[in-house]
Amino acid sequence: MDEKLLKELIEYLRNLHHVHGNALPSLELYMDQVTGFMDEHLSSMRRHKEDKALTKTMINNYAKNKILPPPVRKRYNKNHMLILLFIYYYKSMLSLSDIETILRPLNENYFYSTKSPQLKDIYEEIFSFANIEMQNVMADVEESFEKAKNSFSEKDPLFENLPEEERQDLQKFCTLSLLAFDVYLKKQLIEKIVDDMAKKQERKKK
């Protein structure tokens, strides 16, 4: 296995940073300012430099689907920004319907509330776990690499005659599969929890 690749991935993880609540502007923003802020502060999360963190179409769609409360006179406040950040982190793995279910309690109970805790307090509490979770992910990645490095071994009669380049490719495939399996299982758990939330929310309507 390519140890250089492992080091690059760990370094990449170290350079990922979430947006801190105190970095959010205190003034209300217009749409162009919102997308500009997200592009600037979520740049480390983008796969390609030309990718946009959030677009006008996306944001309008979130409001249309009641995931994001509508802006007031076309302006977005700090709570809008916090909800958009939650949406950003969820949108790569969950449907809009699932995200709406997850964020509905926040929108209903905290978005317009002036009481404590505020939405910003909830956001900061959630991301207070970010550093320890990042360390856990790094350890998982290193463990997956170690397992993959020992796969398709030349000591195994089944794979002893593999050309080294093919062995390396299969070990990389093993790494990807181990990481994907972890994501797949956690996504299953997330969807199970979301389905339970949706059922409870539906019962409340009746």
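With a cut-off of 13 Å between beta carbons, the residues surrounding P71 carry a summed charge of +4, where Lys and Arg count +1 and Asp and Glu -1.
Its relative contact order, with pairs defined as Cα atoms under 8 Å and 6+ residues apart, puts the range 3-205 at 19 percent. Suppose R0 equals 41 Å. What FRET efficiency, 1/(1 + (r/R0)^6) with r the Cβ-Cβ distance, do D2 and R73 give to the nearest 0.05? Rounded to the nearest 0.05, the efficiency is 0.15. Normalised by 2.2 N^0.38 Å, where N is the number of residues, the C-alpha radius of gyration of the range 1-43 stands at 1.72. Computed as a quarter of the hull surface, the mean projected area of the alpha carbon convex hull for the chain stands at 14.8 nm².
Taking a straight line from the alpha carbon of K66, these aspartates and glutamates sit under 13 Å away, with near neighbours fewer than eight places off in the same chain left out: D98, E100, E108. Rounded to the nearest Hz, the phi-derived 3J(HN,Hα) couplings of the range 187-196 under the Karplus curve 6.51 cos²θ - 1.76 cosθ + 1.60 (θ = phi - 60°) are 5, 4, 5, 4, 5, 5, 5, 4, 4, 5, where x marks glycine and proline. Summary of the geometry: the range 1-58 and the range 59-117, compared by the centres of their Cα atoms, lie 18 Å apart. Between F173 and Y89, the simple label model (points 7 Å from Cα in the Cβ direction) yields a spacing of 3.5 nm.
Scoring 192-201, 169-178 by mean Cβ neighbours within 10 Å over their residues and listing the highest first yields 169-178, 192-201.
When the Cα atoms of the range 123-206 are aligned to their principal axes, the ranges along those axes come out at 65, 29, 16 Å in descending order. Full extension of the chain between E191 and L106 gives 28.8 nm of extra length, using 0.36 nm per residue less the Cα-Cα distance. Think of each Lys and Arg Cβ as +1 and each Asp and Glu Cβ as -1; about the Cα centre, that makes the dipole of the chain roughly 1760 debye. When the inverse distances between all different Cα atoms of the range 30-143 are averaged and flipped, the Kirkwood radius reads 15.4 angstrom. When the helices of the chain are scored as -39500 (n - 2.57) per DSSP H run of n ≥ 4 and the total is divided over every residue, the value at 222 nm lands at -21000 deg cm²/dmol. A protection proxy built from the mean count of other Cβ atoms within 10 Å ranks the segments 179-187, 71-79, most packed first, as 71-79, 179-187. Positive end of the dipole of the range 1-144 (Cβ unit charges, origin at the Cα centre): among N131, I102, Y76, the Cα lying farthest that way belongs to Y76.
A short reminder: the numbers here are calculations on the coordinates, not readings from a lab. Note that this is a predicted model, so its numbers are computed, not measured. Using ideal geometry, Cβ is built from the backbone for each residue, glycine included, and neighbour counts are taken over all protein chains shown.
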